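See below for the structure under consideration.
The values are calculated or read from the model by the stated rules, or taken from the named source; none is laboratory data. Everything numeric in this text was worked out from a predicted model, so none of it was measured. Glycine gets a Cβ as well: all are built from the backbone with ideal geometry, and neighbour counts include every protein chain shown. Accessible surface areas use protein heavy atoms only, side chains included; no ligands, DNA or RNA. Shrake-Rupley method; radii C 1.70, N 1.55, O 1.52, S 1.80 Å.
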Amino acid sequence: MIVYQGGDWWRALGHFHASAVIRLLLKRVALVGLYGSAIAVISIDFHTLNVRIGREYLSILGILLSLLLVFRTNTAYDRYYEGRKVWGVLVSQCRGLAMEMNALLPREAKSSRRYFAALISNFPIAVEGSLRNRVRFDKMEATPDIIERLQKAESVASTIIAVLMESVEQLRQVQIFDPIHLVNIKQHYLSMMAVNGTCERIKATPIPYSYSFFIKCYITIFIMIMPLVLVDSCGWWMVPITMIGAYAMLGLEMIGNEIENPFGYDSNDLPITQLSNKIRVSVHDLLGVELPAEKKALASIPYSVVH
């Protein structure tokens with residue numbers, strides 16, 4: 001994700017080249033410019049193009065296309081925003097669980113505090129890894145007693161929750177926790193697992209292929225018709241006019257295609273690595289466990305592209 005300040009236009013434009021989507025978009029707009037130039041040469045210089053299409057027809061197609069693009073963009077952004085909302089829930093639930101543990105664990109139980117801080121911090125890292133098809137165990141906080149179990153697990157995030165529940169139950173058996181405490185803690189477990197399930201649903205359920213294919217074909221046909229309609233009235237100015245229109249239409253479709261899965265490494269995806277690092281800092285702070293300065297620094301990335 002490109003982290004920027006909305007009011008700083010010039011500095012934001014400095015990241016224009018950072019997006020792979022923008023670079024690909026400009027290449028496609030350049031191809032549209034070549035196509036428009038070819039139409040202009042054939043029609044204006046050689047007068048061999050006798051295709052006449054009324055502007056009314058283009059206007060009707062444009063209205064239909066605008067409705068499709070609005071629906072496409074809204075659908076993609078809904079998925080993006082839902083992803084951000086559930087990661088906000090994950091931040092709150094991890095902090096809430098850390099606050100519960102801080103209130104229940106004895107102050108002198110340093111090893112238990114470190115253990116629970118590591119487990120809670122590792123959960124968002126595991127969720128991030130599953131969404132990006134690679135769980136990085138080297139980034140996790142040290143839990144040597146269960147690392148082999150995590151590496152063999154089908155779902156690392158679910159296994160971490162299972163270990164958390166087992167650890168809390170062990171503390172209940174030695175009467176450090178009361179049964180009523182388990183009821184409160186359980187709500188955090190369930191919410192954390194719900195976040196994991198929602199993220200998996202967003203990732204595994206893309207926009208239907210038939211709809212995506214249809215709108216791409218519609219945009220292509222519209223762009224191919226535009227020069228034929230405008231060349232008589234605009235002449236060579238038809239080329240930049242067509243390129244500007246193609247920039248808007250292709251850009252909206254490509255941005256929608258990028259943000260419909262907000263958990264990848266694209267420039268406009270959610271910065272879930274940074275969110276995981278923020279959770280780790282918060283959890284360790286709440287449990288009174290020291291965290292190295294270099295790990296704290298990962299939570300506050302400056303104005304830049306972050307993942």
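Numbers for the structure displayed
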{"read-out": "Top-ranked residue of the range 14-52 - restricted to ones that are more than 23 Å from residue 269 (Cα to Cα) and aromatic (Phe, Trp, Tyr), ranked as modelled with the lowest pLDDT", "value": "46"}
{"read-out": "Index of the failed condition, residue 122 passing every other in (1) open to solvent by less than 10 Å² (accessible area, probe 1.4 Å); (2) of a type outside the set (A, V, I, L, M); (3) at pLDDT below 90", "value": "(3)"}
{"read-out": "Yes/no for residue 142 being more than 30 Å from residue 78 (Cβ to Cβ) and in a helix (DSSP H, G or I)", "value": "no"}
{"read-out": "Pair list, Cβ < 9 Å and 6+ apart or interchain, from the range 176-195 residues that are at pLDDT 90 or above to residues that are surrounded by fewer than 18 Cβ atoms within 10 Å (Cβ to Cβ) and among the aromatic types (Phe, Trp, Tyr)", "value": "none"}
{"read-out": "Test: residue in the range 292-305 that is within 12 Å of the chain's Cα centre (by Cα) and under 30 Å from residue 103 (Cβ atoms)", "value": "no"}
{"read-out": "Residue in the range 70-81 that is aromatic (Phe, Trp, Tyr), modelled with pLDDT of 90 or more, open to solvent by 60 Å² or more (accessible area, probe 1.4 Å) and assigned to a helix (DSSP H, G or I) present", "value": "yes"}
{"read-out": "The range 141-165 residues that are under 27 Å from residue 294 (Cα atoms), paired with ones that are among the polar types (S, T, N, Q) and modelled with pLDDT under 90 (beta carbon under 9 Å, 6 or more apart)", "value": "150/143; 160/143"}
{"read-out": "Pairs where the first residue, in the range 218-231, is under 15 Å from residue 29 (Cα atoms) and part of a helix (DSSP H, G or I) and the second is modelled with pLDDT under 90 and open to solvent by 30 Å² or more (accessible area, probe 1.4 Å), C-beta under 6 Å, 6+ apart", "value": "none"}
{"read-out": "Lone unmet requirement of (1) within 24 Å of residue 76 (Cα to Cα); (2) open to solvent by 90 Å² or more (accessible area, probe 1.4 Å) for residue 165", "value": "(1)"}
{"read-out": "Filter result for residue 128 (of a type in the set (D, E, K, R), more than 20 Å from residue 291 (Cα to Cα) and in contact (Cβ under 8 Å) with a residue 24 or more places away in the chain)", "value": "yes"}
